[in-house]
Amino acid sequence: MKPVALVTGAAGLIGGYLLRSASRWAPDWEVRGLTRAEVDLTDRPQVQRVWNRYRPDLVIHCAALSRTGLCEQDPALARRINVEATRSLADLAKDVPFIFLSTDQVFDGAKGRYAETDPVHPLNVYGHTKAEAEPLVLENPTHAVVRIALTAGTSPTGDRSFVEDMLRAAAKGTRLTLFTDEFRCPLPAGALVRALWEFGLQRRPGLYHLGGQERLSRWEIGELLAARFPELRSAIQPGSVADYHGPPRPPDLSMRSDKIQALLSFRLPGFRQWIRSDSSVGSDPWDDSASGDR
């Protein structure tokens, strides 16, 4: 019998890609996905029953309340999902490898180019809940935390990625202001999940960063996307985070991914390099998992 890998958040962006790519990157594993419709991860008895059914040999925990606005509106719910559910799963997985997906938003963005050794200082509720969950996972010396960067992809529900958000807004005629002084290290979903599978099957514990090789502003990201999606061209305009009024926005969440890169068989792509070199046309332009070889 094949060992079982359990992927939570299977209806989300990263979880969906993990399931779709499993036959390619984890062919010797039986991969089971869990969605919110199938199990409420905040309900410990439900989770225990699912655990008893599958008895997984590896857990990749993608499920989260990740919309920053929703987390600000309901911090208690964000904490139940992002902290308490993670604690319960990590406890159940005490004897097997467990990978918790965290976020670059555990940082305040004051410095940029963050390494795993830099102290966390989140500015929003989402970042706070992820920062609180990380040490709970790492209490187990066999478990891992992977902080992921901004990810480009298409989700099963069509509403989980920043690319989908931008395209929907453009279709409604909404004008999008993209900051020239807010930075991330975006990564296409195909490359990200290939890295997660390679990393996960090596059973490497500890804390890791996983993002693209390039530090790009939101405006630069928008310009690159407009080259692929012409409908965005008339919808985007440059702006400055200094003029933004709302919840705190970390200005520079760029991360260094050297530590995880050393474990991978391919080079993590930069977003500019990837999007300009990929000329494939299909239903999902982000599902080119081999793009990191270019």
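What follows draws every value from the coordinates through simple rules; no lab data is involved. None of these values were measured; they are calculated from a predicted model. Cβ sites come from the backbone with ideal geometry, for glycine too, and all protein chains shown count toward neighbours.
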Taking only Cα atoms and a 10 Å spring cutoff, compute GNM fluctuations for the chain and point out the largest among 235, 227, 152. 227
Which whole-Hz couplings ³J(HN,Hα) result when phi for each residue of region 103-112 is put into the Karplus expression 6.51 cos²θ - 1.76 cosθ + 1.60, θ = phi - 60°, listed in order with x for Gly and Pro? 8, 5, 7, 6, 9, 8, x, 6, 10, x
Looking at (1) 19.4; (2) 20.8; (3) 22.4, which value of Kirkwood radius over Cα pairs in Å comes from a calculation on the structure shown? (1)
Under 23 Å from residue 2, Cα to Cα: lysines that are on another chain or at least 8 residues apart: 94
At what distance in angstrom do the alpha carbon centres of region 1-66 and region 203-224 lie from each other? 24
Only counting other Cβ atoms within 10 Å, I'd like 128, 209, 245, 121 sorted with the fewest neighbours first. 245, 121, 128, 209
Helix-only mean residue ellipticity at 222 nm, the chain, DSSP H runs n ≥ 4 weighted -39,500 (n - 2.57), per residue, nearest 500. What is it? -10000 deg cm²/dmol
Positive end of the dipole of region 4-293, charges at C-beta (+1 Lys, Arg; -1 Asp, Glu), about the Cα centre: which of 7, 101, 192 has its Cα farthest in that direction? 7
Long-range amide H partners of residue 102, meaning residues 5 or more apart or on another chain whose placed amide H is closer than 5 Å, are 146, 147, 148
What are the ³J(HN,Hα) couplings of region 227-236, residue after residue, when phi is run through the Karplus curve with 6.51, -1.76, 1.60 and θ = phi - 60°? Round to Hz, x for glycine and proline. 5, 8, 10, x, 5, 7, 4, 7, 9, 10
Once fully extended, how much extra length lies between residue 201 and residue 36, figured as 0.36 nm per residue of separation less the alpha-carbon to alpha-carbon distance? 56.9 nm
Can you list residues whose amide H is under 5 Å from residue 179's amide H, if they're 5+ apart or on another chain and H is modeled 1.01 Å from N? 218, 219, 239
Among 243, 181, 159, determine the one that fluctuates most according to a GNM of the chain built with springs between C-alpha atoms less than 10 Å apart. 243
Estimated dipole of the chain in Debye, rounded to 20 [Cβ of Lys and Arg +1, of Asp and Glu -1, Cα centre]: 340
Could you run the Karplus curve 6.51 cos²θ - 1.76 cosθ + 1.60 with θ = phi - 60° over region 29-42 and give me ³J(HN,Hα) per residue in whole Hz, x for Gly and Pro? 10, 8, 9, 10, x, 10, 10, 4, 5, 8, 8, 8, 5, 8
Mind checking which lysines have their C-alpha under 29 Å from residue 111, skipping anything on the same chain fewer than 8 residues away? 130, 259
Identify the trypsin sites (Lys or Arg not before Pro) of region 160-259 meeting these criteria: DSSP loop state and at most 11 other C-beta atoms within 10 Å of the C-beta. 172, 175
